[in-house]
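This report concerns only the one structure given below.
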Amino acid sequence: MSLPVRQRKTMPESGPLVDPFNRVHTYLRVSVTDRCNYRCVYCLPAEGVAFMRRDRLLTYEEIARLVRIFASMGIERVRLTGGEPTVRKDLVALVEQLGQIGLKDLSMTTNGHLFAPHAEALAKAGLTRVNVSLDTLDAEKFERITRGGSLERVLAGIDAARAHGITPIKINCVVVRDENEDELERMVEAFGAHAKDTQVRFIEKMPFGAESQRFVPSQSLRERLAERFTLEPVDRLAGVGPATTFRIAETGLVVGFISPMSEHFCHHCNRLRLQADGELRTCLSRDDTPSLRDLMRRGDSDEALEQAIRRMVWGKVAGHEAHLDGDAFTAFEGVMTTIGG
């Protein structure tokens, strides 16, 4: 798929947050920590990761200030990520601050391990939706993939989200060759009973680290599902998200496919990533912007921060370099927990 073509020559100093390719940005992912209580085989090495010092992390007050500035430029949807966001102390306090900004949607991506005890408080604080990472429904395989995680606790977290109205729940399954590609039909069947408030999304593995070539193309997954179920295409709303979605006619379950490797969606990219250290990633593959944390701590005003953000977004590239060229592609530097998912 071709990349978007530059359409604008001059950076706007007000109005919607746009880049030179006329993509309007309405979605911000906010990483609150790079730490995680899991060590998933496709995400983190088993040991040897140097996590950020606490003084490098944005404070909750700094995060809330930045989100207010982003909201003034048209950001409507914010997703809290990590690492694993629930490992950071007093996360409910941050959700309460963000819940007062007036966003259309305030959601979270979590591995679910620590979610259940906090679900009620998070719902009251303003959390609207949750994505739960779940790559297998086999307890032994789950423990192996996560290097020690508990499937029982994750399922309890999903039940708690449902009980407190934090829906729809999106189950994110990263499909990794020779690990869990045999789980496809089982995942669809298991969540079919919760089709009213749950979706399942199968995600191609992104190219981080030595195992970068173990992704499974979404097209092959769709073909497999079509052998057992009737897949009805669901219209994709512009700017809503990267998933290509289908409804399973037999149960009503919505199934999505996120295909950053084989079916690029750079043309529709409306998202930005604020790392836990205040660096704004305008593209998953780019880490060359100044830290907004440093600008705040030196005393920059909200107006100065807004213009700095606009300049960063104006520097956004057409798309990432992990585009397939035969069987070759460029792996991204770093680990996903630093970037924020």
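The values are calculated or read from the model by the stated rules, or taken from the named source; none is laboratory data. Computed from a prediction, not measured in an experiment: that's the story for all the values here. FYI the Cβ positions are ideal-geometry reconstructions off the backbone, even for glycines, and counts take in every protein chain you see.
Annotations for the structure displayed:
- When the range 120-143 is filtered for residues that are in contact with a Gly (Cβ under 7 Å, 6 or more places away or on another chain) and either surrounded by fewer than 20 Cβ atoms within 10 Å (Cβ to Cβ) or assigned to a helix (DSSP H, G or I) (or both), the ones remaining, listed by number, are 123, 125, 126, 142, 143.
- Filtering the range 212-244 to residues that are touching a Lys or Arg at 6+ places or on another chain (Cβ under 8 Å), at pLDDT 95 or above and under 14 Å from residue 202 (Cβ atoms) leaves only 231.
- Candidates 93, 71: the one that is more than 16 Å from residue 109 (Cα to Cα), under 19 Å from the mean Cα position of the chain (by Cα) and not in a loop (DSSP other than H, G, I, E, B) is 71.
- Reported count of residues in the range 243-293, each being part of a loop (DSSP other than H, G, I, E, B), buried (at least 21 other Cβ atoms within 10 Å of the Cβ) and of a type in the set (D, E, K, R), is 0.
Conditions tested, residue by residue: (1) without any contact (Cβ under 8 Å) to a residue 40 or more places away in the chain; (2) closer than 27 Å to residue 192 by Cβ; (3) polar (S, T, N, Q).
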| residue | (1), (2), (3) |
| --- | --- |
| 75 | no, no, no |
| 93 | yes, no, no |
| 146 | no, yes, yes |
| 162 | yes, yes, no |
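- Any chance residue 42 is under 27 Å from residue 318 (Cβ atoms), of a type in the set (Ser, Thr, Tyr) and at pLDDT below 95: yes
- Within the range 153-169, the set of residues being surrounded by fewer than 21 Cβ atoms within 10 Å (Cβ to Cβ) and of a type outside the set (Lys, Arg) comprises 155, 156, 159, 160, 163, 164, 165, 167, 168.
- If only residues of the range 99-119 that are more than 18 Å from the chain's Cα centre (by Cα) and either β-branched (Val, Ile, Thr) or assigned to a helix (DSSP H, G or I) (or both) are counted, the one that is nearest to residue 26 (Cα to Cα) is 101.
- The condition of being at positive phi, of a type in the set (Gly, Ala, Ser), buried (at least 20 other Cβ atoms within 10 Å of the Cβ) and at pLDDT below 95 holds for only one of 83, 48, 112, that being 83.
- Taken over the range 40-65, the criterion of being assigned to a helix (DSSP H, G or I) and in contact (Cβ under 8 Å) with a residue 40 or more places away in the chain is satisfied by 56, 62, 63, 65.
- For beta carbons closer than 7 Å, sequence separation of 6+ or different chains, a first residue in the range 217-228 that is of a type in the set (Lys, Arg) and a second that is part of a helix (DSSP H, G or I), the qualifying pairs are 224/184; 228/185.
- Any chance residue 271 is basic (Lys, Arg) and at pLDDT below 95: yes
- Hey, residue 4 surrounded by 14 or more Cβ atoms within 10 Å (Cβ to Cβ), at pLDDT 90 or above and in a loop (DSSP other than H, G, I, E, B) or not: no
- Subset of the range 300-341 that is part of a loop (DSSP other than H, G, I, E, B) and crowded, with 19+ Cβ neighbours inside 10 Å - its residue that is modelled with the highest pLDDT: 316
- Candidate set: the range 74-90, residues that are under 23 Å from residue 147 (Cβ atoms) and assigned to a loop (DSSP other than H, G, I, E, B); chosen: the one nearest to the chain's Cα centre (by Cα): 82
- Scanning the range 7-39 for residues that are in a loop (DSSP other than H, G, I, E, B) and in contact with a strand residue (DSSP E or B) (Cβ under 8 Å, 6 or more places away or on another chain), we see that the one that is nearest to residue 63 (Cα to Cα) is 32.
- So residue 44, is it farther than 19 Å from residue 294 by Cβ and not hydroxyl-bearing (Ser, Thr, Tyr): yes
Each row is one residue, and each column tells you yes or no for (1) farther than 21 Å from residue 243 by Cβ; (2) touching an Asp or Glu at 6+ places or on another chain (Cβ under 9 Å).
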{"position": "145", "(1), (2)": "yes, yes"}
{"position": "160", "(1), (2)": "yes, yes"}
{"position": "166", "(1), (2)": "no, no"}
{"position": "191", "(1), (2)": "no, no"}
{"position": "195", "(1), (2)": "no, no"}
{"position": "205", "(1), (2)": "no, yes"}
{"position": "216", "(1), (2)": "no, yes"}
